[in-house]
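Inspection log for the structure reproduced underneath, given as structure tokens.
The values are calculated or read from the model by the stated rules, or taken from the named source; none is laboratory data. A quick note: this is a predicted structure, and the numbers were derived from the prediction, not measured. Cβ: placed from backbone, ideal geometry, glycine included. Neighbour counts: every protein chain shown.
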Amino acid sequence: MKNLTEQEQKRRQQKAYENRDAIRPGDWAYMVCSRADDKRVFFSLSSGTLVTKQPEEKIKAGDPVKLTCTAVITKSNGYGPFVDYQFRVCATGVTVTINGPDAQALTHQRTTTAVQNRDIPFLAGTMSALQAISQTEQRIAQMRDGISHITQTITGMPGGGGAKGLDDLFAELSELEDTLKQEGKDYLHRVKEAQKILDGISSPSMRTFVVMKYVMFVPNEEIRSGLNMTRRSFERAVKSIEGAADMKSVLWQERYIKKSG
């Protein structure tokens, strides 16, 4: 992990390990592409940039890319036990390894049914897009701090020192700032499209359920408690939504949610 104190790295590692069951093999997650070219796809993570190959159906900046967890790996290092996750990038079949803190920060969901609803990945990607912006902002802040430190060190050297390597750092910073601008534009577009999907849901109760589960990723037990749903009605609601072609096609039953009182 870049620019983290040993204490911060240890704390993040321990927390991720304690929550290692948050993601299990078979669970799916989404990462938003931060930039892409003809051969490669880039994803911004707090620990750096993940790069994978470009599939035949081209992925572009702002697109949510689906991952499926294939393995949970636990090991130990100087800070104690840690967890990594292996994911298969569904569009390419490539397997990537993501550290625990970064993987658990992705929008992810455990599902018992095959998801057919084409609106779900788009809605899920809205939150991922916001997270990508936050991660890029953090990396920019860290890089600016690093450049400032190097500049002060060079200035304080006898004879003024030299600026070897600074050009590369400024170029990388400029590239990150361009990425942030593009991510911001993509996010605004995604929010507008997501709002159209939600506005197309005629049932207020279904709309609330969809936002909680597929946009905000509220834990299932909290959804059931907050909406006064039985476990069986919750499972039926999930099945009806994920099995439909899109949100407009869902055969929603108001009895899924009990009326209070």
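Just a few scattered comments:
- Region 233-256, residues that are assigned to a helix (DSSP H, G or I) and either among the acidic types (Asp, Glu) or surrounded by fewer than 15 Cβ atoms within 10 Å (Cβ to Cβ) (or both): 235, 239, 242, 248, 249, 254, 255
- Residue check for residue 55: out of contact with any Cys (no Cβ under 9 Å at 6 or more places or on another chain), touching a residue at least 24 places away in the same chain (Cβ under 8 Å), of a type outside the set (Val, Ile, Thr) and closer than 17 Å to residue 121 by Cβ: yes
- Test: residue in region 160-181 that is under 29 Å from residue 24 (Cβ atoms), more than 19 Å from the chain's Cα centre (by Cα), of a type outside the set (Ser, Thr, Tyr) and at pLDDT below 70: no
- Qualifying residue in region 15-36 (condition: more than 15 Å from residue 100 (Cα to Cα), charged (D, E, K, R) and either touching a strand residue (DSSP E or B) at 6+ places or on another chain (Cβ under 9 Å) or buried (at least 16 other Cβ atoms within 10 Å of the Cβ) (or both)): yes
- Among the residues of this structure, residue 79 counts as one that is assigned by TED's automatic domain parsing to the domain that holds residue 10 and more than 20 Å from the chain's Cα centre (by Cα).
- Strands (runs of 3 or more DSSP E) wholly inside region 1-84 that include at least 2 residues being farther than 22 Å from residue 140 by Cα and β-branched (Val, Ile, Thr): 64-77
- Within region 197-232, considering residues that are small (Gly, Ala, Ser) and not in a helix (DSSP H, G or I), the one nearest to the chain's Cα centre (by Cα): 200
- Residues of region 73-94 that turn out to be charged (D, E, K, R) and loosely packed, with under 12 Cβ neighbours inside 10 Å, as a count: 1
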